[in-house]
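Peer 1: Pasting in a structure now, in structure tokens, and then I'll have a few things to ask.
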Amino acid sequence: MLGKYINLRADDRFVPTEMLRRAYLRYAESRNASAPPYVRFEREGFELGIVSSEVPEIARAVSSLLSRSLEDAKDVHGGHLPSSIVERVQLEVISPERVAQLWGTHGHRFVLSRPEGDKSEIIGTILVARRKGTIFFFTGRYNNLRHSAMERDIDFDQPAGTRADQKWFSLFAFPPVPQFKPPGYHHIANFVVAKEHRRQGLARFFLNALLTKYARDHIDARGAAVEHSQFLLCGKGFWQIGDPPWLERMQRLGFSLRWGAESFFIEHDWAPLPPIYAGDKPISNVEYNRSFGLPQRYQDDRPPPRPGMHLVGRIPEVVRLSQDPRAKLQYFQTYFDFT
Ligand SMILES: CC(C)(COP(=O)(O)OP(=O)(O)OC[C@H]1O[C@@H](n2cnc3c(N)ncnc32)[C@H](O)[C@@H]1OP(=O)(O)O)[C@@H](O)C(=O)NCCC(=O)NCCS
């Protein structure tokens, strides 16, 4: 049975190779239906494929990778999140049970592995939305939404708790719903390389493998063949809603900031935010925002790098929010083009 528990067991990332091979999903209409349902690489015998996350060993392996990674985000370990929030996510979002059941039908669960004896070590994972309109999460209350149905499916007037005058959505400042997500891009989440293997170029290798073996437009633009019998990604690229500290590393990996799409937490007397620390020192929301380049990054009047993708009209609002003592940067948005 899969459990709802915090999975910090490092050894769970080793799974029997035979079982992993059986967990790869085939796509009946693949252009190369007779090929194996995964791709093998020269480098260290790495393997990449989309798996069924309902296989218990796979769910546990992915949960272990994600939960151990997120553990480092706790402020007590020098990260940017209070322990209570990390533990809620470890339990409610990335426990083995949730990996298997919450995301399985809406996302392609890719795993990057390498063989070790008769086992395979899962060294990286990413969740990629199957449909281009899917949004995996929107506040802690909504998962697996369709962008086009957000206005209809979300109650923007709902109370935060028991009092009707204290509204849930007054706790956040988001981009307007119609522009919340760029059309045609696949939402990604859970992009993680195992802690034991960081800073060896594996994230770069993983992304490049996704691009060259699974992104349809990239494959077609090169006139390359499809080497596996799995789904292809038919969108224009990846789209990410990312925690502030991730921006720098995602940019190094080739992702671009979507200007003006930042979201903020809004503090109220009835809903104070947890204190923020830089090392041992408590800092204000404005200092926190500054530490991630806001509002400075928008104050030199540069035009955005690519028209159409950015929320230029919202930049003054982002600048204003980042200087509001009650507003704390929640997420950046980034994107990565396939071609
Ligand atoms: C982000 C992550 C996937 C990178 O994996 P990795 O295999 O260590 O990355 P790579 O070795 O391929 O490095 C790729 C680039 O990112 C940079 N980078 C990696 N980790 C970084 C970090 N913590 N801070 C700043 N830059 C970083 C590397 O220097 C490299 O850039 P360079 O070639 O210009 O030097 C990994 O650190 C991770 O799983 N982190 C926790 C989860 C997370 O933050 N996920 C991202 C958002 S979903």
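What follows is calculated from the coordinates using simple rules that are stated; it is not laboratory data. This structure is a prediction, so every number in the text was calculated from the model and none was measured. Note: ideal-geometry Cβ built from the backbone for every residue, glycine included; neighbour counts use all protein chains shown.
Peer 1: Show that you can apply the helix-only estimate: for the chain, add -39,500 (n - 2.57) for every DSSP H stretch of four or more residues, divide by all residues, and state [θ] at 222 nm to the nearest 500. If you can, show how the numbers build up before the last one.
Peer 2: Numbers: 10 runs with 85 residues, N = 339.
Value at 222 nm, helices only: -7000 deg cm²/dmol.
Peer 1: Then there is this: Return, for the Cα atoms of the chain, the radius of gyration and Dmax in Å, separated by a comma.
Peer 2: When restricted to Cα atoms, the chain yields Rg and Dmax of 20.4, 62 Å.
Peer 1: Which loop trypsin sites (Lys or Arg not before Pro) in the stretch 77-154, with loop taken from DSSP, have no more than 12 other Cβ atoms within 10 angstrom of their Cβ?
Peer 2: Of the trypsin sites (Lys or Arg not before Pro), the ones in loops of the stretch 77-154 whose Cβ has at most 12 other Cβ atoms within 10 Å are 141.
Peer 1: Using the Karplus equation 6.51 cos²θ - 1.76 cosθ + 1.60 (θ = phi - 60°), what ³J(HN,Hα) coupling, rounded to whole Hz, does each residue of the stretch 262-273 give in order, writing x for Gly and Pro?
Peer 2: 5, 10, 10, 7, 10, 7, 10, 4, 7, 8, x, 8
Peer 1: Hey, got a sec? Which GluC sites (Glu not before Pro) in the stretch 32-93 land in a DSSP loop and have at most 14 other Cβ atoms within 10 Å?
Peer 2: 42
Peer 1: Relative to the present Cα-Cα distance, how much length would full extension add between residue 43 and residue 11 at 0.36 nm per residue of separation? Display every interim value, and only then the final one.
Peer 2: Working: separation 32, 0.36 × 32 = 11.52 nm, distance 2.28 nm.
Contour length minus Cα-Cα distance gives 9.2 nm.
Peer 1: What relative contact order, as a whole-number percentage, does the stretch 8-60 give when Cα pairs under 8 Å and 6 or more residues apart are counted?
Peer 2: Working: 40 pairs, mean separation 21.0, N = 53.
For the stretch 8-60, the relative contact order is 40 percent.
Peer 1: If R0 is 30 Å, what FRET efficiency do you get for residue 234 and residue 197 from their C-beta distance, rounded to 0.05?
Peer 2: 0.50
Peer 1: Any idea what the relative contact order of the stretch 134-227 is, in percent, if you count C-alpha pairs under 8 Å spaced at least 6 apart?
Peer 2: 16 percent
Peer 1: Another question, if that's okay. Full-extension gain between residue 4 and residue 319, please, as 0.36 nm times their residue separation minus the C-alpha to C-alpha distance. Spell out each step's value before the answer.
Peer 2: Working: separation 315, 0.36 × 315 = 113.40 nm, distance 4.02 nm.
Using 0.36 nm per residue and subtracting the Cα-Cα distance, I get 109.4 nm.
Peer 1: Could you state the principal axis extents of the C-alpha atoms in the stretch 36-87, from the largest down, to the nearest angstrom?
Peer 2: Result, largest extent first: 44, 27, 12 Å.
Peer 1: Please give the contour-minus-distance gain from residue 87 to residue 278: 0.36 nm per residue of separation, less the Cα-Cα distance, rounded to one decimal in nm.
Peer 2: 66.7 nm
Peer 1: Something else: Of the chain, which part is the longest with no chymotrypsin sites (Phe, Trp or Tyr not before Pro) in a loop (DSSP not H, G, I, E, B) and with at most 14 other C-beta atoms within 10 angstrom?
Peer 2: 42-155
Peer 1: With the convex hull built on the Cα atoms of the stretch 204-339, state its orientation-averaged projected area in nm².
Peer 2: Values: hull surface 43.7 nm².
Over all viewing directions, the stretch 204-339 projects a mean Cα-hull area of 10.9 nm².
Peer 1: Still on this model: Only Cα pairs under 8 Å and at least 6 apart count here; give the relative contact order of the chain as a rounded whole percent.
Peer 2: So the answer I get is 18 percent.
Peer 1: Given H placed 1.01 Å from N in the peptide plane, which residues other than close sequence neighbours of residue 276 have an amide H under 5 Å from its amide H?
Peer 2: Close amide H contacts, sequence-distant or interchain: 283.
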